[in-house]
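As structure tokens, the structure follows; a few thoughts come after it.
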Amino acid sequence: MTLWSHWLAAVAELRPACSRARTFLWMLLTLVGLCCRSDNAGVTSFVRLLNFGDAAYHRFLHLFHSDALDLDVLTACWSRLCLKLFQPFEIGSRVVLLADGIKAPKEGKRMPGVKLLHQQSASNTKPEYIMGHSLQAISLLVHSAAGQVAAVPLTSRIHEGLVFSNRDSSTLLDKLVKLLKRVATDMDRQVLLVADAYYASAKVIAPLLAAGHHLISRAKSNAVAYLPAAQPERRGKGRPAIYGSKVRLKDLASDEGAFTSAPSPVYGDSNVTLRYRALNLMWRPVGRLVRFVIVHHPQRGTIFLLCTDLTLEPLQILSLYGYRFKIELGFRQAVHVLGAYAYHFWMAGMKPLRRGSGDQYLHRESQEYRDGVRRKMRAFHAYVQLGAVAQGLLLHLAINHTAKVWHGFWSWLRTMNVAMPPSELVVANALRSGLPTFFATCSSVPGLTKILDKYRRQDGPLHDWPPMQRAA
């Protein structure tokens, strides 16, 4: 089978998300565009890639706004499909999920949800404040047979910028937990969430524990905890004590004699010895025992980790947290290679935004206006979700069909290693060079040939294709 045959077989699993056959065909073409385009100019780049005419532009726009594409069903189908396509990291019966936030710059004055956002980054390419959308994303941690690790994006949603009711007090943490529980239900699995220190909160931990899930996160350096209260031989009057002596994690980190030395299990470390200390302490925000792991790393300094699963070994906790950066690498590929956040949808009847404005309060607006905002937000989410699917398809080909990808990569990289799974950029180039194969294979998809014949331009060459055979 060719790369495109494997690609089409995976996309066919998403058919239940579309109520009409034609909607599925346009979704398939959108995924082709996201996987193969060479620029991130929104829907226009799909039209250019497929050599369509201007009528196809409006068909693509209609797809993102259409109710025939069920966003929740698409997310559920994709989450379940990832368990089939990849080997997920498993801790016991739990799969490992990663969570983080990303800010997508948007200058549109008629785009709902756009607000002034603060970026905490040491990069010179990121301004401190931007206008844009604030999203939270969830990825599945997977590994290949050769040991390579990747984060496959499952879903991403805009969680700031709009207030439909002044009675709604949901925070970003509440919305992330709701999204995570929906993904776990779709996958029908218990999960172990790995996230940064922002998510080490009772708002996250309490509902996760109630649903049978667990969290690994980073604790703040000024965090305090309590020793378990000593239980008396004879119980007296009143409620038994829960908290014992108060301890500061910084003070525990200074007791050098309590640390154990071990080889570093962190991804990328080689010949590195670190020292660690693990303690089960009462943490007041959740009112229960939590495992704290204090690590002295010779190059990276001291780090405080928090885990709600008391059965995990300290080095295992450190190893899992070391994979958290994989979701950030996925963000970089999504932004620069796929353009998964490069949507440009406007709401014509929207009241223009002022630069520097915050949340948009809609509880006093008409129902028609509020419905229009919801429709546009749904289009944003559909674009982002299809971008996550497209990136996952590229990772599927990179991890599971490595040799075929390198064989179809008719270009050059300074650091090529054909024994390793390629990046999403390499897979995208291989698929783009094999587009004639896709057009030849698409006859197996009922109705797709009719769309291609109807919307393809006839007034110029199809493409400047690369040669079909390698030079001797």
query: Hey, any hits in region 361-375 for a residue that's modelled with pLDDT under 90, over 19 Å from THR30 (Cα atoms) and charged (D, E, K, R)?
result: yes
statement: Flagged in region 86-100 as more than 20 Å from GLY212 (Cα to Cα) and either buried (at least 19 other Cβ atoms within 10 Å of the Cβ) or not assigned by TED's automatic domain parsing to the domain that holds HIS118 (or both), in numbering order, are PHE86, ASP100
field: Complete set of residues in region 440-459 that are surrounded by fewer than 16 Cβ atoms within 10 Å (Cβ to Cβ) and closer than 17 Å to ALA9 by Cβ
entry: ALA440, SER443, SER444, PRO446
message: outside the structural domain of LEU394 (by TED's automatic domain parsing) and either of a type in the set (D, E, K, R) or under 30 Å from ALA398 (Cβ atoms) (or both): is that true of HIS159 in this structure?
response: no
- request: Filter region 213-234 down to the residues that are among the small types (Gly, Ala, Ser) and touching a residue at least 60 places away in the same chain (Cβ under 8 Å), then identify the one that is nearest to ALA253 (Cα to Cα).
  value: SER221
Positions within region 36-81 being closer than 26 Å to GLU13 by Cα and among the acidic types (Asp, Glu), in sequence order: ASP67, ASP70, ASP72
message: Return the pair list, or none, for Cβ contacts closer than 6 Å from residues in region 85-112 that are modelled with pLDDT of 90 or more to residues that are of a type in the set (Phe, Trp, Tyr) and crowded, with 17+ Cβ neighbours inside 10 Å, at least 6 apart or on different chains.
response: VAL96/PHE89; ILE102/PHE331; ALA104/TYR341
task: Give the residues of region 48-59 that are surrounded by fewer than 21 Cβ atoms within 10 Å (Cβ to Cβ) and of a type outside the set (Lys, Arg), sorted by residue number.
output: LEU49, ASN51, GLY53, ASP54, ALA55, TYR57, HIS58
task: Residues being outside any strand (DSSP E or B) and either under 27 Å from the mean Cα position of the chain (by Cα) or closer than 15 Å to ARG94 by Cβ (or both): count how many of those fall in region 290-313.
output: 7
- prompt: Any idea which residue in region 133-183 is surrounded by the fewest Cβ atoms within 10 Å (Cβ to Cβ), counting only those that are over 20 Å from ALA390 (Cβ atoms) and touching a Phe, Trp or Tyr at 6+ places or on another chain (Cβ under 8 Å)?
  reply: ASN166
message: Is it the case, given these coordinates, that ARG370 is out of contact with any helix residue (DSSP H, G or I) (no Cβ under 8 Å at 6 or more places or on another chain) and part of a loop (DSSP other than H, G, I, E, B)?
response: no
message: Take the conditions over 24 Å from the mean Cα position of the chain (by Cα) and more than 18 Å from LEU435 (Cβ to Cβ) and apply them to ASP54. Does it pass?
response: yes
field: Residues located in region 314-350, provided they are assigned to a loop (DSSP other than H, G, I, E, B) and free of Cβ contacts under 8 Å to residues at least 24 places away in the same chain
entry: GLY349
field: region 44-60 residues that are on the phi < 0 side of the Ramachandran plot and in a loop (DSSP other than H, G, I, E, B), paired with ones that are crowded, with 16+ Cβ neighbours inside 10 Å and not acidic (Asp, Glu) (beta carbon under 8 Å, 6 or more apart)
entry: GLY53/VAL47; GLY53/TYR455
- line: Contact list, first residue from region 406-426 and assigned to a loop (DSSP other than H, G, I, E, B), second anywhere and modelled with pLDDT of 90 or more and surrounded by fewer than 12 Cβ atoms within 10 Å (Cβ to Cβ), beta-carbon distance below 9 Å, six or more apart or interchain, is VAL418/ALA403
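The values are calculated or read from the model by the stated rules, or taken from the named source; none is laboratory data. Quick caveat, the model's predicted, so the values are computed rather than measured. Methodologically, a virtual Cβ is constructed for each residue, glycine included, from the backbone with ideal geometry; neighbour enumeration extends over all protein chains shown.
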